[in-house]
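Some notes on the structure that comes next.
We did not get these values from a lab; they are worked out from the coordinates using the rules stated. If you're wondering where the values come from, they're calculated on a predicted model, not measured in any experiment. A quick note on method: Cβ atoms are made from the backbone with ideal geometry, for glycine too, and the neighbour counts reach across all protein chains shown.
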Amino acid sequence: MSVKLLTDYLQHYTLIGIKSGINRKSFTDIWMVTVAGRFFSRSWNKSKTGWFNEILKNGAGQLNLNNTILNVTVKKIEKDDDIHQKIDLAYLSKYTQPENTSYAHGISQPDYHDFTVEFLIE
């Protein structure tokens, strides 16, 4: 049920809230895409103190779908994994709004591949 809920949410919204690990008190809006029924996101800022590294350190977090909270775990995707080509295309296909196209082109570049996680729904 939670997988369907997340899939439906991502078809209608461009941002999703994430709370990484146990130290965060608030949700941060991020971009997320689906590829073959799997859920992926990349860190735009590649910050050492941002949501990406915090969720990798703790291995778990929460997603906020209009006040419905899903517990998640993550798996880092290795930078040479073939799935990146499909993730790149998913970003370019989903984020076509004028205000998002430059970011979509940026985040679909190879230097972002090492900053990609897959979300696993608990």
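So what does log10 I(q)/I(0) come out to for the range 1-82 at q = 0.13 Å⁻¹, using the Debye formula with one equal point on every Cα and no solvent?
After summing over all Cα pairs, the log10 values are -0.39.
Calculate how many DSSP beta bridges within the chain are antiparallel, expressed in % of all such bridges and rounded to the nearest 5. Please list the in-between numbers first.
Details: 25 of 25 bridges.
Taking every DSSP beta bridge within the chain, about 100 percent pair in antiparallel fashion.
Counting Lys +1, Arg +1, Asp -1, Glu -1, what net charge surrounds residue 24 among other residues with beta carbon under 12 Å of its beta carbon?
That works out to +2.
Kindly state, to the nearest 0.05, the FRET efficiency for residue 82 paired with residue 25, given R0 = 30 Å and r defined as their beta-carbon distance.
Details: r = 37 Å, r/R0 = 1.24.
With R0 = 30 Å, the Cβ-Cβ based efficiency is 0.20.
Give the cross-link partners of residue 46 among the lysines, using a straight C-alpha distance below 22 Å as the criterion and excluding same-chain residues fewer than 8 apart.
19, 25, 57, 75, 76, 79, 86, 94
Report the local net charge at residue 92: Lys and Arg +1, Asp and Glu -1, summed over other residues whose C-beta lies under 13 Å from its C-beta.
On the way: positive: 42, 86, 94; negative: 88.
Around residue 92, the charge tally is +2.
Rounded to the nearest 0.05, what FRET efficiency do residue 67 and residue 45 have when you use their Cβ-Cβ distance and R0 = 30 Å?
0.70
So what's the net charge close to residue 7: Lys and Arg +1, Asp and Glu -1, counting the other residues with Cβ under 15 Å from its Cβ? Spell out each step's value before the answer.
On the way: positive: 4, 38, 94; negative: 8, 118.
Surrounding charge for residue 7 is +1.
Could you work out the relative contact order of the chain? I mean the mean sequence separation of Cα pairs under 8 Å and 6+ apart, divided by the number of residues, in percent. Don't skip to the end; give the middle numbers.
Working: 202 pairs, mean separation 35.4, N = 122.
So the answer I get is 29 percent.
Let me have the 222 nm mean residue ellipticity of the chain computed from DSSP H runs of 4+ only, each contributing -39500 (n - 2.57), with the sum over all residues rounded to the nearest 500.
Counting only the DSSP helices, I get -9000 deg cm²/dmol.
Taking the Cα centre of the chain as origin, sum charge times position over the Cβ atoms of Lys and Arg (+1) and Asp and Glu (-1), and report the length of that vector in debye to the nearest 20.
For this selection, approximately 380 debye.
Could you order peptides 68-81, 40-53 by the average number of other Cβ atoms within 10 Å of their residues, highest first?
Descending packing order for the listed peptides: 40-53, 68-81.
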